[in-house]
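Take a look at the structure set out below.
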Amino acid sequence: MNSFLTRPRLLALLVLALGAIAFFIWRQSSTLSPEQRYKLQEAVVADLAQSVSANGTLSPVTLVNVGTQVSGTVKKLHVDFNDVVKAGQILVELDDSILVAAAGQSEANIASATASLDLARANEARIQSLFAQEYVSRQELDQSVQARRSAEAALRLARAQNDRDRANLSYSVIRSPVSGVVVDRQIDVGQTVAASFQTPVLFKIAQDLAQMQIYTTFAEADIGSIRVGQPVRFTVDAFPNRSFRGTVKQLRLNPTTTQNVVTYNVVVAVENPDHALLPGMTAYVSIVVLEKKDALTVANAALRFRPAVEAVKADAGSNKESKENKENGERRSKRRESGSGTVHVLVDGQLKPVSVNIGITDNRNTEITGGELKAGDLVVLGENLPSTNGASASGVRLRMF
């Protein structure tokens, strides 16, 4: 019975202790000077650059997929990954036994067609002699002429088939179409490649790794600020402390829509003389689209700051006041969209709201293009959280019973 009587008392003591701590913290924060209570920063004149960012993938300017036009088993490999090759150099040899046999058969067909043509020509000459002596009819003469022409056509067909078979035989030796570096090999000795429906890719050769490109995409909201020839800065994970440069080479007109978001492909040309950049690396691209010299700037946090008193007022009051606060919020949102905002300046220990016109931003600082704000004014970035060290020092502690 006594345990049931002590539980309400313990709960009451716990509530009183929490209330005492909250009161102490509130009392401590209320006694702080404005310089101690708020995070302050001067409005300064500085250079400002606005940029747009995206991720992309590094690729060689020319990447050739080397395939095969004939089927066969890989008999010998002449190159491997990272090998430097010249145009016309042998890359791989396929087993050509079937192709050699086909070429031999077509050569035999040529010989047979040649013999048939010789016989047809002799028959035609004999029939023409007999026709002149009126020993044969015109029909027999026409038949001999037709047989000679058929033999000539059969010989041409045999020769064409032989040319095809010899070409296929030459395709069993695969050569590099360009000079470059082998970046991918997808076959091994003994593997069978089939080129019946689709040409299989055997090698990928980058023509020149000193010239590379970044394929990236930008949202339609940013694409209007990008122009061909603009300088580009980017980084890669392999060299986190190094910044690389490039140039916008192309804005492709074909849009891509994904979940109602429209993006456009942008190609960035990159110089890679030391071959530090490798194909497939992820590039974090940044393009400066606007720059301002000697602009009056404030931190972005100053434009987001609202005093606690205003927040309390916004939450208190009747439904009418809530509606008015909502309308005020909508008006402030429209002002921000139209290039205006509000900062709070510390003047004689008091916060003073100042309306300003805003310009470009680098995502850390924003340009102030108009208003009553001047260089050197102390703007408020936020409130310092009250320390609870004093509570501990003053002996206000929470002890669990």
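Rule-based calculations on the coordinates, nothing more; no lab input. Every value quoted in this text rests on a predicted model; they were computed, and no experiment measured them.
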Sorted largest first, the Cα spans of the stretch 140-273 on the principal axes come out in Å as 88, 38, 30
For the stretch 96-171, the Cα-Cα pair-distance distribution in 5 Å bins from 0, as whole percents, is 3, 18, 18, 14, 13, 9, 9, 6, 5, 3, 1, 0
Non-local residues with an amide H under 5 Å from the amide H of VAL66, with H modelled 1.01 Å from N and Pro and chain starts lacking one, are LEU202, PHE203, LYS204, ILE205
Share (percent) of C-alpha pair distances in the stretch 195-310 greater than 20 Å works out to 61 percent
The pairs in LYS292/LYS352; LYS76/LYS204; LYS204/LYS249; LYS293/LYS374; LYS39/LYS374; LYS352/LYS374 lying past 21 Å Cα-Cα in this model are LYS292/LYS352; LYS204/LYS249
For the stretch 96-171 the mean separation of alpha carbon contacts under 8 Å (6+ apart) over residue count, i.e. relative contact order in percent, is 52 percent
